[in-house]
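Contents: one structure, followed by commentary.
The values are calculated or read from the model by the stated rules, or taken from the named source; none is laboratory data. Since this is a predicted model, take the numbers as computed values, not measurements. No Cβ is skipped: glycine too gets one built from the backbone with ideal geometry, and neighbour counts run over all protein chains shown.
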Amino acid sequence: FAPWVDPAAKPYISVENVTKKFGDFTAVDDLSLTIYEREFFALLGASGCGKSTLLRMLAGFEEPTAGRILLDGQDLAGIPPYRRPVNMMFQSYALFPHMTVAQNIAFGLKQDGMSRAEIETRVGEMLKLVKLEQFASRKPHQLSGGQRQRVALARSVAKRPKVLLLDEPLGALDKKLREETQFELMDLQQDLGLTFIVVTHDQEEAMTMADRIAILDKGEVMQVATPAEIYEAPNSRFVADFVGSVNLIEGDVSARDGASARIDGAGLTILTENPGDAQAGSRVWFAIRPEKLRVSAARPEGAELNAAEGEVYDIAYLGDMTIYHVRLDDGRIVRASTMNSARVSEEALTWHDRAWVSFKPDAGVVLTR
Ligand code: ATP
């Protein structure tokens, strides 16, 4: 995998063994991670995993129960939110309803005692940045959801923080607008050269925007990696299952050498070239994405291993691709998908057809946890 590299990037935020307890409930559990300068970093996890709590500790709205957070080498302990070079944009946007767009953007600058002329220049820059020059004198209720989102964004970067924290920034937008806005946010982050840390429970959003993603579960980091690495080389069943869909086949490692392993998974013998650290004799899970499985009417030639027969059980046509659920003869159901653009040469399979499911030895990974 291409690592995330920006030759000029330096470690910027260090979260060191941070724990946050509310009473005896542990929301963040001995969590450590490093975020680089100018990185677009995503905290991804299900509701309640502790991602907002971590963000709030970065902002200074909560203090860690244990551990510390360094920003550019400085321990943030005890530094109040307004004195941190960090700003937070909330999902609710929290725009002032009685103020115009320009006044909303100017609000924090005024509080900081910036001169009238400077404020005017800065507000102009911000309006241009988010393409709302024509809307300067409108009130929030006269704007669309997407426009309000951009005002909130302009307001939160107007003070030029070093780090922008975004809590579910696109949560209030409909799907189409959210997708467009994801690209706008990426462009904006590039243009401003800021570090963005976004909290989201939407894996597609994290995959689209982030340079790196931290997957959180129950207050702990499960994996930190680029979107491609998270998808192609998840380190656990949890991550494999959380991001995208996956077939998990439980089995025992019957043979292992340096580059490959053989796994006996109840009726299906798997030869894999991605054995990870699976030991001979151990129980493992073979994880394979639906698009790595081939479904065909006939047994693929030469496929002694990595092939199983079954019956087509469900077919879903999604336009760009078709999803097949195949019930293998041992009762297991696997999910396979085919890009429809590549389907020209594939036989058309239909409900209840007998079918073979097969895959190459380099498709899929072996997981030990
Ligand atoms: P969501 O996506 O639903 O916002 P999250 O991953 O951001 O979830 P957090 O808001 O960080 O989750 O909360 C993590 C856990 O800590 C939750 O179980 C929550 O109920 C609990 N929690 C958060 N803040 C407090 C608080 N002030 N007092 C008590 N419990 C809290």
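If we only count strands (runs of 3 or more DSSP E) wholly inside segment 254-369, which ones have 2 or more residues that are aliphatic (A, V, I, L, M) and within 21 Å of SER236 (Cα to Cα)? If you could, list the steps in order and put the result at the bottom.
Numbers: elements: 261-265, 268-272, 283-288, 294-296, 307-317, 321-328, 333-339, 354-358, 365-367.
In segment 254-369, the matching strands (runs of 3 or more DSSP E) lie at 261-265, 268-272, 283-288, 333-339, 365-367.
Write out, first by first residue and then by second, each pair whose Cβ atoms fall under 9 Å of each other, whose residues are 6+ apart or on separate chains, and whose first residue, in segment 220-237, is among the polar types (S, T, N, Q) while the second is assigned to a helix (DSSP H, G or I).
Close Cβ pairs satisfying both conditions: GLN223/GLU229; GLN223/ILE230; GLN223/PHE238; GLN223/VAL239.
Which count do you get for residues in segment 20-48 that are surrounded by 15 or more Cβ atoms within 10 Å (Cβ to Cβ) and either under 14 Å from the mean Cα position of the chain (by Cα) or of a type outside the set (S, T, N, Q) (or both)?
17
Given the options GLU309, GLU301, name the one that is modelled with pLDDT under 85 and more than 34 Å from the chain's Cα centre (by Cα).
Numbers: GLU309 fails: modelled with pLDDT under 85.
Only one candidate qualifies: GLU301.
Within 16 Å of the ligand (Cβ to nearest atom) and of a type in the set (Asp, Glu) - does that describe any residue in segment 99-119? So that I can check it myself, show each step before the final result.
Looking only at segment 99-119, we keep the residues that are within 16 Å of the ligand (Cβ to nearest atom), and these are none.
Checked segment 99-119: no residue is within 16 Å of the ligand (Cβ to nearest atom) and of a type in the set (Asp, Glu).
Given the conditions (1) farther than 22 Å from THR181 by Cα; (2) outside any helix (DSSP H, G or I); (3) touching a residue at least 24 places away in the same chain (Cβ under 8 Å), which single one is not true for MET114?
That leaves (3) as the condition not met.
From the residues in segment 49-64 that are more than 11 Å from the ligand (Cβ to nearest atom) and more than 18 Å from ASP211 (Cβ to Cβ), which one is surrounded by the most Cβ atoms within 10 Å (Cβ to Cβ)? Reasoning before the result, please.
Just the residues of segment 49-64 that are more than 11 Å from the ligand (Cβ to nearest atom), to begin with: 58-60, 63-64.
Those left that are additionally more than 18 Å from ASP211 (Cβ to Cβ): 59-60, 63-64.
Numbers: ALA59: 18, GLY60: 19, GLU63: 13, PRO64: 21.
Only one residue fits best here, namely PRO64.
State all residues of segment 15-48 that are over 22 Å from ALA66 (Cα atoms), near the ligand (Cβ under 8 Å from one of its atoms) and either out of contact with any Asp or Glu (no Cβ under 9 Å at 6 or more places or on another chain) or among the acidic types (Asp, Glu) (or both); if no residue qualifies, say none.
SER47
For segment 271-294, enumerate the residues that are among the hydrophobic types (A, V, I, L, M, F, W, C) and either loosely packed, with under 14 Cβ neighbours inside 10 Å or at pLDDT below 90 (or both).
Looking only at segment 271-294, we keep the residues that are among the hydrophobic types (A, V, I, L, M, F, W, C), and these are 271, 278, 280, 284-288, 293.
Residues satisfying the conditions are ALA278, ALA280.
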